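Every read-out reported here was derived from the displayed coordinates using simple, explicitly stated rules and does not represent laboratory data. What you are looking at is a predicted structure, and each value in this text was computed from that prediction instead of being measured. Glycine also receives a Cβ, built like all others from the backbone with ideal geometry; neighbour counts cover every protein chain displayed.
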Amino acid sequence: MQINSVLGPIDTKELGSVLMHEHVVCCDWSMRMAFRDKWFEYDKVVEIAVAQLKKAKEQYGITTVVDGTAVNLGRDIELIREVSEKSGVHMIASTGMYFNEEPYLMGKPIEYVTDLMLEECEKGIEGTGILPGIIKSATDVYGVTELNENLIYMASEIQKKTKLPVFAHSCSYKETGIQQLNEFERNGVDLSRVIIGHSGDSNDINYLEALLKRGCYIGMDRFGDDAKNSLENRVNTIYELCQRGWIHKMVLSHDFSAYIDWADHSWQKTKTADWLNLDVDYTYVHRRAIPLLLDKGLKQSDIDILIKDNPRNFFEGR
Ligand SMILES: [Zn+2]
């Protein structure tokens, strides 16, 4: 089956080892425009991202990265394409919006924004001809607000019309995944086409199984973010869910960005860091988490299910 990468259609057989939720860049376009090189340097960001992805490919065999950058997270489609070309890593781009209560969305008919997204799914993003391969949806600590309900409706309409699958950012400590699945179901979306992302922040087996029993996939996808959940807990929870028969419904990733301007990150810090030798980068799952899963008793064939088979099945709608 063919799906959309940023360099054109690829067969799902070619996906190989997949990181299901990462970013090349999350960086505010207004700040980029206002402060230029002080906030963001295009060529240097490309250099860093290409080097980090080449390392992931050459040392750990990672062949595909899904970029989860929604339109209002600073998606830069030309940059993603250039990084994919230069690194040799397949990249899948996202359409859709993050959960932010954006003033420019308030009071706007959701059909208006939905039509803009559908157009980029048909004709390409920003006139490039690059088609998105996945839909980003997001609900966070504020839950399903009036705007968020509309944004989930938009993601649902795009899903039904394009048949693209959905990655839904969730806030696991608020257990928003259940509400998100309720909304998608109400809107007529087949829940097997949905990943409830960031579920790996939770170790609550009851909550995670309540999601899985609805037929969705769950994203165990913030490896390296110890503030949200430790490596050991993340590994133990995956192992426990494998023991309970859910191995075919989990996908792994980091939610890493080569450059992100959030919180205490800054361009100066990123640029001057030892960015090819970070502890947390696109290789942490393979370097740190997989050895622990194998120690616990998973086999290499189980790891292949998590890293290769599940992403492929998800894209193929199986
Ligand atoms: Zn993300």
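The order of Thr270, Thr95, going from fewest to most other C-beta atoms within 10 Å of their C-beta, is Thr270, Thr95.
Given Cα pairs under 8 Å that are at least 6 residues apart, what percent is the relative contact order of the chain?
That works out to 21 percent.
Taking the DSSP beta bridges with both ends in the chain, the antiparallel portion is around 15 percent.
Size descriptors for the chain: radius of gyration and Dmax over Cα atoms are 18.3, 53 Å. Build a GNM of the chain with springs between Cα atoms under 10 Å apart, and of Arg193, Arg36, Arg287 the one that fluctuates most is Arg36. Of Ile158, Ile178, Ile195, the residue with the greatest mean-square motion in the GNM of the chain, using alpha carbon springs below 10 Å, is Ile178.
For the residue pairs Lys57/Lys271; Lys213/Lys249; Lys213/Lys299, the C-alpha atoms sit more than 18 angstrom apart in Lys57/Lys271; Lys213/Lys299. Backbone amide hydrogens, once placed in the peptide plane, bring Thr69 within less than 5 Å of Ser94, excluding anything fewer than 5 places away on its chain. Taking 0.36 nm per residue of separation and subtracting the current Cα-Cα distance, fully stretching the chain between Asp190 and Glu122 would add 22.4 nm. Within the listed set Leu306, Leu212, Leu294, the Gaussian network model of the chain (springs between alpha-carbon atoms below 10 Å) gives the highest mean-square fluctuation for Leu294.
Quick one: order Thr128, Thr283, Thr69, Thr162 by neighbouring beta-carbon count within 10 Å, fewest to most.
Starting with the residue having the fewest Cβ neighbours, the order is Thr128, Thr162, Thr283, Thr69.
Using the Cβ-Cβ distance between Ser230 and Lys269 with R0 = 30 Å, the FRET efficiency computed as 1/(1 + (r/R0)^6) comes to roughly 0.80. Bridgeable lysines around Lys269 (alpha carbons under 23 Å apart, same-chain partners fewer than 8 residues away excluded): Lys38, Lys44, Lys54, Lys55, Lys228.
Between Tyr207 and Tyr104, what length in nm is gained on full extension when 0.36 nm per residue of separation is reduced by their alpha carbon distance?
Values: separation 103, 0.36 × 103 = 37.08 nm, distance 3.43 nm.
Gain on extension, Tyr207 to Tyr104, equals 33.6 nm.
Hey, quick one: spin label on Met33, modelled 7 Å out along Cα-Cβ, who in region 75-115 has an amide N within reach, i.e. under 16 Å? It comes to 75-77, 103-105, nothing else. With a ≥ b ≥ c the root eigenvalues of the C-alpha gyration tensor of region 194-318, is it rounded (a/c under 1.5), prolate (a/b larger than b/c) or oblate? In terms of gyration-tensor shape, prolate.
Helical runs (DSSP H, four residues minimum) scored at -39500 (n - 2.57) apiece and divided by the length of the chain put the mean residue ellipticity at 222 nm at -11500 deg cm²/dmol. Taking the number of Cβ atoms within 10 Å of each Cβ as an exposure proxy, the fewest-first ranking of Glu183, Glu101 is Glu101, Glu183.
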